[in-house]
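Reading through the structure tokens given below for one structure.
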Protein chains: 2
Amino acid sequence: MRIAVLGGDGFCGWPAALRLSAIGHEVWIVDNLSRRKIDVDLEIESLTPIQPIGARLSAWREASGRNVRFTRLDVARNYHRLLGFLQEVKPDAVVHYAEQRSAPYSMRSSVEKRYTVENNVAATHNLLCAIVESGLDIHVVHLGTMGVYGYSGAGPIPEGYVRAKFEGFDGTWVEREILSPPDPGSVYHMTKTLDQLLFFFYNKNDRVKVTDLHQGVVWGTNTKECLASETLINRFDYDGEYGTVLNRFLVQAAIDHPLTVYGTGGQTRAFIHIRDSVECIRLAIENPPSDGERVRIFNQMTETHRVADLAKLVARIGGAKIGEVPNPRREAERNDLIVTNDGLKRLGLKPTTLEGGLLEEILEVARKYGDRIDRTRIVSRSYWNSERKNAVEGA
Amino acid sequence: MRIAVLGGDGFCGWPAALRLSAIGHEVWIVDNLSRRKIDVDLEIESLTPIQPIGARLSAWREASGRNVRFTRLDVARNYHRLLGFLQEVKPDAVVHYAEQRSAPYSMRSSVEKRYTVENNVAATHNLLCAIVESGLDIHVVHLGTMGVYGYSGAGPIPEGYVRAKFEGFDGTWVEREILSPPDPGSVYHMTKTLDQLLFFFYNKNDRVKVTDLHQGVVWGTNTKECLASETLINRFDYDGEYGTVLNRFLVQAAIDHPLTVYGTGGQTRAFIHIRDSVECIRLAIENPPSDGERVRIFNQMTETHRVADLAKLVARIGGAKIGEVPNPRREAERNDLIVTNDGLKRLGLKPTTLEGGLLEEILEVARKYGDRIDRTRIVSRSYWNSERKNAVEGA
């Protein structure tokens, strides 16, 4: 198949593009390199020494004999080049990672809030608009987040849709299936709830085919393809803004920094290893919705864990101390979480779990590149609101 | 009170600004004059000869002895001037009309789709962001639409929130109150469903006070204040893109054009006269939510009517023929509609209904300015999708 990966230079996009290329698909990476530019602004670098996109693609040609093409294009700001790209390449599927993906970054100040909303909404809407204008039958595979559901629902988290009973015209309760009520916890998560409505409308009005993957917290760093050469290494964020919780704990353990547990660590979240994340993209692409099918929504996660339990696990295997820092986020101190993930398992996903020994592999990466770590960037400086800022800075 | 009216030069914004000024509030109009510029692009003019904003404001000073100030500012594109404006003026309330408000216009092509999404989302988000950054306690009164609910719900349309039963962790059904499930029928309506989530998040995270008024189709043109001088006259759109259904039928009757009923006219919609619309704004402003209150949502409408019945009524009083044109919109041919509107009635709204004799007044306006009408612009040229375009143009 012909596949465009928007945001294919990023943390999930890069290994996904390589995997799709490795198994024989024709792959185009479309990226404006914004993630690297945000590193410049934040004055930070990936723990792993990622190489420029040109060097990456040469190394991939050498390692695999396969060609992944690259187009530098800002999907949110250059509609007409995006449209031209689709008309020329005629992809069967577009994987859409072209969004600002950090919740803390999205809460830093009005600059980042506005960038996140304007970039993410325009990227998704431009893509949908361009598909309709092109008249092409292109399957959109979008990376959403488990965070669209919030963590205060009535029951197990469904895959996008939920049956609910409403009071009908005659006073009796009528059962209907609806999009699961959104409850975003940050500006970033909010943009993914907006995306859902964009998909809903363009699917209903123009029959655009969409698979929306509501992903949990990604852990791990390299996939088989990224390990083929050091030039292919994937990025690894350990800082308070872009690092994901488990990866951050492992880095902290590697450098003897107390694990930065927010509050008592009672938050339960859904997790997925980067290898599984990439495999899910393949499964979604190779199993497109049929004509006229509504937006297909899968929860892309394999297990749930309480943050405090993760900290204990990392402390045990990495020999670290558990810290407790005031929570910069506005979120429930404690929540339970049961998530349905039948969709991707039905398509063939074999979950990689924390038990699988991959935690040690990440610890090794963290130790190997430990001298690249800036210890002052471990703690997040992004507060959800003025109340949380005062609570943390006053503590 | 100190009140800023964003979009205060438009069809609803102008009479609202005058009304608020007339009853003694200090009013600032903020507008980028985009509605007038869209007229330039569409090569059309308001049926009524509206005057430049400067002339309007001079005439208002003369007629009322009151001063309404004007700031030309693009709320969606100039965040820092908006923030500076709020910091300087310190309004108690901001009425937010600064959005592209035509559904057909929002469906014309990718240009208008993208403009509508980017303008409306950025306008609302910039306002919320700027309020948070300013640290001021400003009440946002937003003009939403009844169209956020769609026209295929299970029962009567509630005011924003609805009680629903969901399957809980233990398999029993748990009752929760949720935002009524959105079902937008156009890109324009979609933007108002996005607005709802922006309000939800900023209210939850930053306690921004918001009243969201889900307005029905507005009919009528002038209010008492607009009639004080011909220079104060309000705009009246009769074209297929910006004209609202009842006003359009009345103009069509005035010039002996068959009434443009889409399909069989089985669509039922909610309506409100412009005088009531303006009065609702006053009621919302003078009754702000309390500290920590969730987003307050009212349905701003006074009655529901089936389009075919409206056509019959106009045909009878205006002596017109009823036409039937293929529907350029993707919508249900027929729907029932029961709407709750207790909120604004509780605050004191006394509904003006079609029975009140105001239809004749609009017919008179339409006849008075009949020589300004371009008959070629009566029919809409905006199609919801390629299927509808083929259906209409092939007919």
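Here segment B:2-393 is treated with +1 on each Lys and Arg Cβ and -1 on each Asp and Glu Cβ, and its dipole about the Cα centre works out to around 340 debye. Out of A:Leu42, A:Leu143, A:Leu359, any idea which swings most in a Gaussian network model of chain A, alpha carbons joined below 10 Å? Maximum among the listed residues: A:Leu42. Taking the DSSP beta bridges with both ends in the protein assembly as shown, the antiparallel portion is around 25 percent.
For A:Val379, the residues whose modelled amide H falls within less than 5 Å of its own, excluding neighbours fewer than 5 places apart on the same chain, are A:Gly240. Answer with one residue from A:Ala270, A:Val295, A:Ile373: the one whose Cα lies farthest towards the positive end of the charge dipole of segment A:2-393, charges on Cβ with Lys, Arg +1 and Asp, Glu -1. Of the candidates, A:Ile373 comes out farthest on the positive side. A crude spin-label estimate for the pair B:Lys37 and B:Leu313, with each label 7 Å from Cα along the Cβ direction, gives 3.7 nm.
Taking θ as phi - 60° and the Karplus parameters 6.51, -1.76 and 1.60, the scalar couplings of segment A:243-256 work out to x, 8, 3, 5, 4, 5, 4, 5, 5, 4, 4, 5, 10, 6 Hz in sequence order, x denoting glycine and proline. Distances, shortest first, from the label point of B:Asn67 to those at the same position in the other copies read 7.0 nm; the point lies 7 Å along Cα to C-beta.
Please say if segment A:1-144 is rounded, prolate or oblate, where rounded means a/c under 1.5 for a ≥ b ≥ c the square roots of the C-alpha gyration tensor eigenvalues, and otherwise the choice is prolate for a/b larger than b/c and oblate otherwise? Oblate, since a/c reaches 1.5 and b/c is not below a/b. Sorted on the mean count of surrounding Cβ atoms within 10 Å across their residues, most packed first, peptides A:200-211, A:375-386 read A:200-211, A:375-386.
The length gained by stretching the chain between B:Ser229 and B:Arg375 to full extension, at 0.36 nm per residue less their Cα-Cα distance, is 49.8 nm. Largest mean-square fluctuation among A:Ile53, A:Ile178, A:Ile274, in a Gaussian network model of chain A whose springs join Cα atoms under 10 Å apart, belongs to A:Ile178.
What does the structure give for B:126-132 when I average, per residue, the other chain Cβ atoms found within 10 Å of the residue Cβ? List each step's numbers first, then the result.
Details: counts 5, 0, 4, 7, 2, 0, 5.
Mean partner shielding for this stretch: 3.
For segment B:328-374 versus segment B:53-69, the spacing of their alpha-carbon centroids is 28 Å. Inter-copy label distances at A:Ser229, using a point 7 Å along Cα-to-Cβ, come to 7.6 nm with the shortest given first. Taking a ≥ b ≥ c as the square roots of the Cα gyration tensor eigenvalues, segment B:314-364 comes out oblate, since a/c reaches at least 1.5 and a/b does not exceed b/c. Partner shielding of A:112-119 amounts to 4, given as the average count of beta-carbon atoms from other chains within 10 Å of each residue beta-carbon. Give the distance, in whole Å, between the Cα centre of segment B:255-299 and the Cα centre of segment A:1-35. The distance from the Cα centre of segment B:255-299 to that of segment A:1-35 comes to 47 Å. Over chain A, dividing the summed -39,500 (n - 2.57) contributions of all DSSP H runs of at least 4 residues by the number of residues returns a 222 nm mean residue ellipticity of -11500 deg cm²/dmol.
Counting 0.36 nm for each residue step from A:Arg61 to A:Asn335 and taking away their Cα separation leaves a gain of 94.0 nm. The length gained on full extension between B:Asp256 and B:Arg72, counted as 0.36 nm times the residue separation minus their Cα-Cα distance, comes to 62.3 nm. Annotation: aspartates and glutamates with alpha-carbon distance below 20 angstrom to B:Lys350 (same-chain offsets under eight excluded): B:Glu159, B:Asp212, B:Glu225, B:Asp276, B:Glu279, B:Glu286, B:Glu303, B:Asp342, B:Glu361. Taking label positions 7 Å along the Cα-Cβ direction at both B:Thr264 and B:Arg163, the computed distance is 3.6 nm, reported to one decimal. Computed packing ranks the peptides B:185-191, A:388-394 as B:185-191, A:388-394, most packed first, by mean other Cβ atoms within 10 Å. Close amide H contacts of B:Val5 (hydrogens built in the peptide plane, cut-off under 5 Å, sequence separation of 5 or more or a different chain): B:Trp28, B:Ile29, B:Val30, B:Val95. Label positions at A:Glu387 and A:Lys321, each projected 7 Å from the Cα along the C-beta direction, are separated by 3.2 nm. About its Cα centre, the protein assembly as shown has a charge dipole of approximately 560 debye under the convention of +1 per Lys or Arg Cβ and -1 per Asp or Glu Cβ, with nothing else charged.
For segment A:177-191, the residues whose amide N sits under 14 Å from a probe point set 7 Å from the Cα of B:Arg176 along the beta carbon direction are A:178-185.
Within 10 Å of each Cβ of A:165-171, how many other protein chain Cβ atoms are there on average?
On the way: counts 8, 12, 8, 4, 6, 1, 2.
The mean count of partner-chain Cβ atoms within 10 Å per residue comes to 6.
A point 7 Å from Cα along Cα→Cβ stands in for B:Leu347, and the other copies hold the same point at 4.6 nm, listed in rising order. For chain B, a Gaussian network of Cα nodes joined below 10 Å ranks B:Thr353, B:Thr223, B:Thr302 by mean-square fluctuation, and the top entry is B:Thr353. Under a 5 Å amide H cut-off, with hydrogens placed 1.01 Å from N, A:Val210 pairs with A:Val140, A:Arg296 among residues at least 5 apart or on other chains.
Projected onto the charge dipole of segment A:2-393 (+1 at Lys/Arg Cβ, -1 at Asp/Glu Cβ, origin at the Cα centre), which of A:Gly240, A:Tyr149, A:Val208 gives the Cα projection farthest towards the positive end? Farthest towards the positive pole: A:Gly240. When the convex hull of its Cα atoms is viewed from all sides, the protein assembly as shown shows a mean projected area of 32.8 nm².
Using the average count of surrounding beta-carbon atoms within 10 Å as a protection proxy, the listed peptides A:248-255, A:25-32 rank, highest first, as A:248-255, A:25-32.
Values quoted throughout were computed directly from the atomic coordinates according to the rules given, and no laboratory measurement underlies them. None of the values given here were measured: they were computed from a predicted structure. Cβ sites come from the backbone with ideal geometry, for glycine too, and all protein chains shown count toward neighbours.
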